[in-house]
Amino acid sequence: MNIISKDIQKAIQLLTKEELVAIPTETVYGLAGNIFSEKAIKSIFSTKKRPFFNPLIVHIPSVESLKDIITHVPKKAKLLADAFWPGSMTLVLKKNAKIPDLITAGKGTVAVRVPNHPLTLELLKQLPFPLAAPSANPFGSISPTKPEHVERYFKNDIQMVLDGGSCKNGIESTIIGFENDKPIIYRLGALALEDIEAVVGKISIKNKKEESPDAPGMLARHYAPSTRTFLVDNVADEVKKHLGKKIGVLVFKNSLNDTSLTEIRLSEKGSMQEAASKLYDSLHELDHQKLDVIIAERFPEFGLGKSINDRLQRATFSL
Ligand code: TXA
Ligand code: MG
């Protein structure tokens, strides 16, 4: 049976019956359930095979709905929310008593965002409860940016993927937490660091290799293809080390012009935004070609390049 559908009323019915629905956002597809349903939330964790210590993001329809789930909004959080919502930013804030511990892994804080996708905003406006939604992939796998990616992962587990087309940003939201009301980046993501700093000033990025990370998207090997993947500055040099193998290469803007390789070029015109939007789809694509290795080109270390490098680094075995 085809589980991909544009029928928003059907999504509302399923979610109201405590079932899961995969929903489109501008970053990646999410595996969504009613935050107040223990059944739905447990089913999110079991479907993804996600450990319970890894908390979920709550999706709300507007900045105004923040007051329903949190107790305190630092001044800079308000500035950020007004600047970037609806959009690809998640804020980690102090939760109120209504938010179940299952969502937050027992933490006193909850991660929340207003996604920027017309279908999902409509869904959130019509539902009387917010949606918890982690990325719709098995724990540790590449996040989905097309309905077909979700279908491939979960066609036997869920009844519906709400079809919102390809995700236009293509990598997960940027997560920002607050310590003594000071913002700190917990996960680099679809917003460029420079754009965030333009709103709140210089911001630090929290250490990525904690034992019990604040944002387990920070776990070292995450977002990984099953094909062995390398991240390098010079792809042509790396290719020479793997002669005789079936090689896939993922380059930013310049082609290697080598027909013996399976090559995907992320943006001919050199746009990091375009490259980010195609990143996961390209990794899915290469991962399904039965290659021996994937060699990815490191991006310039600024703007979205920083976030893309972060994800590519996590896709490699070479940590
Ligand atoms: O773009 C996105 O953020 C997508 C779409 C579907 O919204 N969602 C997403 O969810 O990437 P997920 O579950 O794959 O990643 C959520 C991240 C995890 O790394 C989790 O640890 C972190 O958010 N997180 C959630 N609650 C937190 C909290 N209270 N404190 C710190 N980190 C938190
Ligand atoms: Mg994820």
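Among the listed residues Asn156, Asn180, identify the single one that is at positive phi and free of Cβ contacts under 8 Å to residues at least 24 places away in the same chain.
Step by step, each of Asn156, Asn180 is checked, and only Asn180 is at positive phi and free of Cβ contacts under 8 Å to residues at least 24 places away in the same chain.
Select from region 63-82 the residues that are of a type in the set (Gly, Ala, Ser) and over 20 Å from the mean Cα position of the chain (by Cα) and write down the one among them that is least open to solvent (accessible area, probe 1.4 Å).
Only one residue tops the list, namely Ala77.
Could you go through region 32-47 and let me know if any residue there is outside any loop (DSSP other than H, G, I, E, B), of a type in the set (Gly, Ala, Ser), modelled with pLDDT of 95 or more and touching an Asp or Glu at 6+ places or on another chain (Cβ under 6 Å).
yes
Against the condition surrounded by fewer than 22 Cβ atoms within 10 Å (Cβ to Cβ) and farther than 22 Å from Thr27 by Cα, how does Gly87 come out, does it pass?
No, not satisfied.
Does Lys98 meet the test of being touching a helix residue (DSSP H, G or I) at 6+ places or on another chain (Cβ under 9 Å), open to solvent by 10 Å² or more (accessible area, probe 1.4 Å) and either at pLDDT 95 or above or away from ligand 2 (no atom under 16 Å from the Cβ) (or both)?
yes
Considering only region 117-148, state which residues are outside any helix (DSSP H, G or I) and near ligand 1 (Cβ under 10 Å from one of its atoms).
Across region 117-148, the qualifying residues are His117, Leu131, Ala132, Ala133, Pro134, Ser135, Ala136, Asn137, Phe139, Ser143, Pro144.
The values are calculated or read from the model by the stated rules, or taken from the named source; none is laboratory data. Nothing here was measured: the structure is a model prediction, and the numbers come from that model. All Cβ positions, glycine included, derive from the backbone under ideal geometry; neighbour counts span all protein chains shown. Just the protein is used for accessible areas: all its heavy atoms, side chains included, with ligands, DNA and RNA removed. Shrake-Rupley method; radii C 1.70, N 1.55, O 1.52, S 1.80 Å.
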